[in-house]
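What follows is a short report on a single structure.
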Amino acid sequence: MNIIAVDIGNTNIGIGLFPDGTEDFLRSIPGESEAQLRDCLADSWRKVPILESSKERKRDGVIVVSSVKPAWTDLVRRIADEDLGEGIHVIGEDVPLPITVRVDDPRKVGTDRVVAAAAAFAVVEDAVVVADFGTAVTIDLVDEHGVFQGGVICPGFDISAQALKDHTALLPKVTVHRPSAPYGKNTADAINCGLYYSIIGTLEEIVRRYAEEIGHWPQTIITGSGAEIIKDDCPFVDNYVPHLVLKGIVLAYTKYVEDKSEELI
């Protein structure tokens, strides 16, 4: 099974090619760049093998999408149709969620959160916290039975930095990075330290409260572009896994196909 996984976020779009379940390449591109998106989808599709039995030289692959931005979902659907002659499979619409979601309205939970949580649980096979550091920061709990219990949503680094600039008279916009000291000697460094250490403190406090809820400290996995910035200062985190959502998309579609096959037996 050859899968092109597409993770549509609020700022970037991740694209990964997984031939026969193995990782071939992963890319992240700005969602506003239609030209880059077209090129990346075309490049990945060309790597999908052609079906031996196909006289039309149809490729043996599928495009599976998790999205939190409907307008970009429509864009990917249009590009796939126009450039590749293919449809797309959208998780939560065409493909069921891969794990049980025990929240007030499962339809309103971002599918990126659910598939990332499912991918983490598939490896850990026990209670696990998944924190995704993107435009927003989501910190979610899967219990020991593999049930998605919900989580918290916080502003990401860029949103927080922009808010300080927009709602003050003199504070500058900063790009958050790992500080050289726990305090700043100037305004920009002070903001950087504040944003950097506050999100680490938030993560640790939330995991601690989850642990109190379930009775033991769960494994903790971080992902997303912002996770790479903080990973070296989070000794309580077990693993940093880039592009966990893409891996979860593959898991969700594979499970869907397997479940359909079992129904036919």
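Odds and ends about this structure:
- Among the conditions (1) surrounded by fewer than 20 Cβ atoms within 10 Å (Cβ to Cβ); (2) touching a strand residue (DSSP E or B) at 6+ places or on another chain (Cβ under 8 Å); (3) not in a loop (DSSP other than H, G, I, E, B), the only one that PRO242 does not satisfy is (3).
- THR220 vs. criteria among the β-branched types (Val, Ile, Thr), assigned to a helix (DSSP H, G or I), within 26 Å of GLY14 (Cβ to Cβ) and not assigned by TED's automatic domain parsing to the domain that holds PHE18: no
- Lone qualifier among ARG27, ARG57 - being at positive phi and touching a strand residue (DSSP E or B) at 6+ places or on another chain (Cβ under 6 Å): ARG57
- Selection status of ASP43, acidic (Asp, Glu), without any contact (Cβ under 8 Å) to a residue 24 or more places away in the chain and not in a loop (DSSP other than H, G, I, E, B): yes
- Of all the criteria given as (1) in contact (Cβ under 8 Å) with a residue 60 or more places away in the chain; (2) within 18 Å of the chain's Cα centre (by Cα), the one not satisfied by MET1 is (2).
- Here PRO218, PRO172, PRO155 are screened, and the one residue that is surrounded by fewer than 16 Cβ atoms within 10 Å (Cβ to Cβ) and under 21 Å from the mean Cα position of the chain (by Cα) is PRO155.
- Given (1) surrounded by fewer than 20 Cβ atoms within 10 Å (Cβ to Cβ); (2) touching a Gly at 6+ places or on another chain (Cβ under 6 Å), number of the condition ASP132 does not satisfy: (1)
- Residue check, GLU56 part of a loop (DSSP other than H, G, I, E, B), of a type in the set (Asp, Glu) and within 17 Å of the chain's Cα centre (by Cα): no
- Residue match in the stretch 100-107 (condition: out of contact with any His (no Cβ under 8 Å at 6 or more places or on another chain), hydrophobic (A, V, I, L, M, F, W, C), surrounded by fewer than 19 Cβ atoms within 10 Å (Cβ to Cβ) and assigned to a helix (DSSP H, G or I)): no
The values are calculated or read from the model by the stated rules, or taken from the named source; none is laboratory data. Just so it is clear, the model here is predicted, and its values are computed rather than measured. Note that each Cβ is placed from the backbone with ideal geometry, even for glycine, and that neighbours are counted across all protein chains shown.
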